[in-house]
Amino acid sequence: MRALVGRERTRSELAGRTGASRDWLWTDFSYVASSSYRERVLKSLAERPKLPKQLALDTGLRIVHVSRALRELRERGLAECLTPDAKSRGRLYGIMSRGSALVAYFRTSSHRYMPTGRTVPSITFVPKIRAAFAIRSTKWLDSVKGVAATREALKGWSVDADGLTDETWLSVDAYDEFFELLEASFGDGRYDFVRQMSSHAGPELSAVKEQVMKVIPLEALAERAPIVYNKEWNYGRLEVATGRRWARFSHFDWEPTPPMCSMFWGTYEGVLEARDVQGTVTQTRCVRLGDSHCEYLARW
């Protein structure tokens, strides 16, 4: 039976808890650095105001990704439309003072922000994930969208999808690009498609299957999740707390992007479905909204 999902969660439900004063430079830095698209667009705007088409040429991004990055930067107060009355193709965008301060900070640091302890990781370290998840995702896409449509969606990916094996390791940036391309082709910008795809791909990972097939209570299964995490990720940590008919998964990762959050969310939903259990999974904390870590609560 397909697990019931908590899709009614809204940004306001999480944002209402962010409360206390923040160091805005750090939170803006983590928000922009969590997406290579936002970072590239903001840095391009720092040179001079530009049209979306100019930004696409300058950054090498698809126009759909430029548009999404501009929307997110505007909502954050880092950029603005200088010609709001112009038609979409003629709108000129510029950087705001808060964005300028952030770019100046970027120029003094090439690192990303690590939410655990606010320490800066070594520049030689590259966070990576096994390609197994991308392989399972592509296989599912081939079956539901068709091979041609899937390859068309991924033609701009910097990775050769057909050359991947389960032992290949991909950078987090490559995965972020993978999810963004698929969401742009098949989703509506809310990353529900990435979440749906992950609910099918996650349980198909060999490490996940090995645990799901064990004849043990779900609480015990949930407690084994860090074993799987450590096999598939080379950074961060996963902590699990359980009780009667519930499990809480706390992720202390590299700054997560929206599709990464949807990936974990969908995977937990998929595990419930794989065990033929009716339940719900909700995201109760998110680093991008000011929390110290991301958290998912499963109930059944």
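The values are calculated or read from the model by the stated rules, or taken from the named source; none is laboratory data. These figures come from a predicted structure and were not determined experimentally. Using ideal geometry, Cβ is built from the backbone for each residue, glycine included, and neighbour counts are taken over all protein chains shown. Heavy atoms of the whole protein, side chains included, go into the accessibility calculation; ligands, DNA and RNA do not. Shrake-Rupley method; radii C 1.70, N 1.55, O 1.52, S 1.80 Å.
If we keep just the residues of segment 280-296 that are outside any helix (DSSP H, G or I), modelled with pLDDT under 95 and of a type outside the set (Asp, Glu), which is surrounded by the fewest Cβ atoms within 10 Å (Cβ to Cβ)? Here the residue is 292.
Take the residues in segment 5-56 that are in contact with a strand residue (DSSP E or B) (Cβ under 7 Å, 6 or more places away or on another chain), outside any helix (DSSP H, G or I) and at pLDDT 85 or above; name whichever of them is most open to solvent (accessible area, probe 1.4 Å). Applying the filter and picking the extreme gives 49. Does any residue of segment 233-240 turn out to be of a type in the set (A, V, I, L, M), under 15 Å from the mean Cα position of the chain (by Cα) and either within 24 Å of residue 136 (Cα to Cα) or at pLDDT below 95 (or both)? Among the residues of segment 233-240, not one is of a type in the set (A, V, I, L, M), under 15 Å from the mean Cα position of the chain (by Cα) and either within 24 Å of residue 136 (Cα to Cα) or at pLDDT below 95 (or both), which makes the answer no. Inside segment 257-279, residues that are open to solvent by less than 50 Å² (accessible area, probe 1.4 Å) and out of contact with any helix residue (DSSP H, G or I) (no Cβ under 6 Å at 6 or more places or on another chain) make up a count of 7.
For residue 204, indicate whether it is of a type in the set (Asp, Glu), out of contact with any strand residue (DSSP E or B) (no Cβ under 7 Å at 6 or more places or on another chain) and open to solvent by less than 60 Å² (accessible area, probe 1.4 Å). It is false that residue 204 is of a type in the set (Asp, Glu), out of contact with any strand residue (DSSP E or B) (no Cβ under 7 Å at 6 or more places or on another chain) and open to solvent by less than 60 Å² (accessible area, probe 1.4 Å). Of all residues in segment 285-299, those that are over 19 Å from residue 272 (Cα atoms) have Cβ atoms under 6 Å from Cβ atoms of residues that are among the hydroxyl-bearing types (Ser, Thr, Tyr) and open to solvent by less than 20 Å² (accessible area, probe 1.4 Å), 6 or more apart or on another chain, in 293/250.
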